[in-house]
1. If r is the Cβ-Cβ distance from Leu121 to Ala100 and R0 is 35 Å, what FRET efficiency results, to the nearest 0.05?
2. Using the Karplus curve 6.51 cos²θ - 1.76 cosθ + 1.60 with θ = phi - 60°, what ³J(HN,Hα) values do you get for each residue of segment 14-20, in whole Hz, with x for Gly and Pro?
3. Over the chain, with a Gaussian network built from C-alpha contacts below 10 Å, which listed residue (Ala175, Ala41, Ala29) shows the highest mean-square fluctuation?
4. Which FRET efficiency, nearest 0.05, do Val12 and Arg37 yield, Cβ-Cβ r, R0 35 Å?
5. Could you tell me the center-to-center distance, by alpha carbons, between segment 43-92 and segment 115-154 in angstrom?
6. Find, among the trypsin sites (Lys or Arg not before Pro) in segment 51-86, those assigned to loop by DSSP (not H, G, I, E, B) with at most 12 other beta-carbon atoms within 10 angstrom.
7. Put a dot 7 Å past each Cα toward the Cβ at Leu157 and Glu47; how far apart are the dots in nm?
8. Where does helix 165-183 land angle-wise versus the long Cα axis of the chain, in degrees 0 to 90, nearest 10?
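Each reported figure results from applying straightforward, stated rules to the coordinates on display, with no laboratory input. Model, not experiment: these values are computed from the prediction. Here the Cβ positions follow ideal geometry from the backbone for every residue, glycine too, while neighbour counts run over all protein chains shown.
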Amino acid sequence: MVLMNDATMDIVTGIAVPAASILISTWVAIRLARSERKAAAAARVEERIDAAFARALTALATLNTINLRAESIAKPMRELRVALTLLDAATPPADNDLLAEWFEAERLAGTAQGEESRRLLDLVPQHLQPDADVEKVVAAGAPVNTWARDFANNLRLWRRRGASDAELRSLIDSAKARLTGASSA
């Protein structure tokens, strides 16, 4: 059995142990830094998604409460399109493009519902008489208001729990039905 002499022991304790400690602490620091960078990148992605989501909901809230006699839907629809583009771009990619397809189908449905609301509003007299005409103005806004409310609710559900491909296809079909329903009215 070979025992270490004092000189060998001094080398081990004086050089090897501190060197090993430095290597281990450096390795741990590198791993922590890498982990922190990944967490920061994920947080930035979440911030971008949150900002785009809030922007989309703001546009939809405007469309849900818009007074078509005093306001155009062009600006909130443009803001919605930008928000949905940002939201799609910030969302982690999937194997398919169903999210973008849903957003585009909803945007087109919203445009169609807005046109339907405009058509209905044109049937209401310019100078409103008692409550009956006011109710007609409110009813004229219903297509775009209802679409905006429903899309906002579906968007919140998607953000909260996600959606399977089948659910996204169902949302796409629903939006397309609103699109064709408005054009046949």
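1. Calculated value: 0.65.
2. x, 10, 5, 5, x, 5, 5
3. In this elastic network of the chain, the residue with the biggest mean-square fluctuation among Ala175, Ala41, Ala29 is Ala29.
4. Approximately 0.45, to the nearest 0.05.
5. 21 Å
6. Listed in order of number, the matching sites are Arg69.
7. 3.2 nm
8. 20 degrees
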